[in-house]
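Take a look at the structure below.
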Amino acid sequence: MANSPRKSLFRLLITPVRGGSGAFLRAFENNRNVHAVHQPIKSGLREKCLPDYSLYQSEHPIYNQYPGKFIVAKETIGPVKEQSTFNPFPNDHAIQESKPIFMFRDPFNTWNSWKKWWVKNPEIGLNWFCISYQHTYELLNNALKVSSEVTCITLEKLGKNPAEIFQHICSKWEIPYDARMLNWSIPFGENTTFTTDAKNLIDRHPAMIKSVEKVQ
């Protein structure tokens, strides 16, 4: 008798850049049933000019490295050209298996955050902000056509009632809820996999750590 396929343990959050994904991932980093991953698909785009879809494969070594744990990743759309229009899903099956959550932050607050972070970069402007926000919305609409397991939330609603929303998300994702998601005790990055480039970027910009200190 053939072995049954391994149940997918991969779960994915998608937001426009500066949409609150860092704090969201920090909450799941503190869930004892989870190992967090920082932008694995987009990191492939940065390093090899192609999205890295390998985490969708059950044979990926991370599942043996953290046996029995759910792998929760976050992907952000933007802020530069190729990163504002990439597809985090290789196919429709990936949407069904990862049960993606799309999170949107008030667009005015999101744009103000873009300006704060990249005011001196002429390649990152209002045009690419609008493209990335619209592209994220289009990804959501397509995902909703493919799967009934797709969820959409806002950062503002999460910030007002994080206990209720995180419990709902855990239920949707079939991950046991852990109260430590609201009372972080794990140091930043201790239970998260980063690419080398991403970790170096964070180390060079301590403000990035500060940006994930709270959900709101």
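The values are calculated or read from the model by the stated rules, or taken from the named source; none is laboratory data. Since we're looking at a predicted model, the values are computed, not measured. Counting neighbours? That spans all protein chains shown, and the Cβs are built from the backbone with ideal geometry, glycine included. Surface areas here come from the heavy atoms of the whole protein model, side chains and all, with no ligands, DNA or RNA. Shrake-Rupley method; radii C 1.70, N 1.55, O 1.52, S 1.80 Å.
Tabulated data for the structure shown
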| read-out | value |
| --- | --- |
| Number of the exception - residue 58 against (1) surrounded by fewer than 20 Cβ atoms within 10 Å (Cβ to Cβ); (2) within 24 Å of residue 177 (Cβ to Cβ); (3) hydroxyl-bearing (Ser, Thr, Tyr) | (2) |
| Enumeration of residues in segment 125-165 that are polar (S, T, N, Q), touching a helix residue (DSSP H, G or I) at 6+ places or on another chain (Cβ under 6 Å) and within 14 Å of residue 16 (Cβ to Cβ) | 132 |
| Scan of segment 64-117 for residues that are among the β-branched types (Val, Ile, Thr) and within 25 Å of residue 172 (Cα to Cα), ordered by number | 71, 72, 76, 77, 95, 101 |
| Search result, residues across segment 3-44 that are among the aliphatic types (A, V, I, L, M) and open to solvent by less than 20 Å² (accessible area, probe 1.4 Å) | 12, 13, 14, 17, 23, 25, 27, 34, 36, 37, 41 |
| Every pair of residues 6+ apart whose Cβ atoms lie under 6 Å, when the first sits in segment 172-194 and is touching a residue at least 40 places away in the same chain (Cβ under 8 Å) and basic (Lys, Arg) while the second is open to solvent by less than 30 Å² (accessible area, probe 1.4 Å) and in a strand (DSSP E or B) | 172/151 |
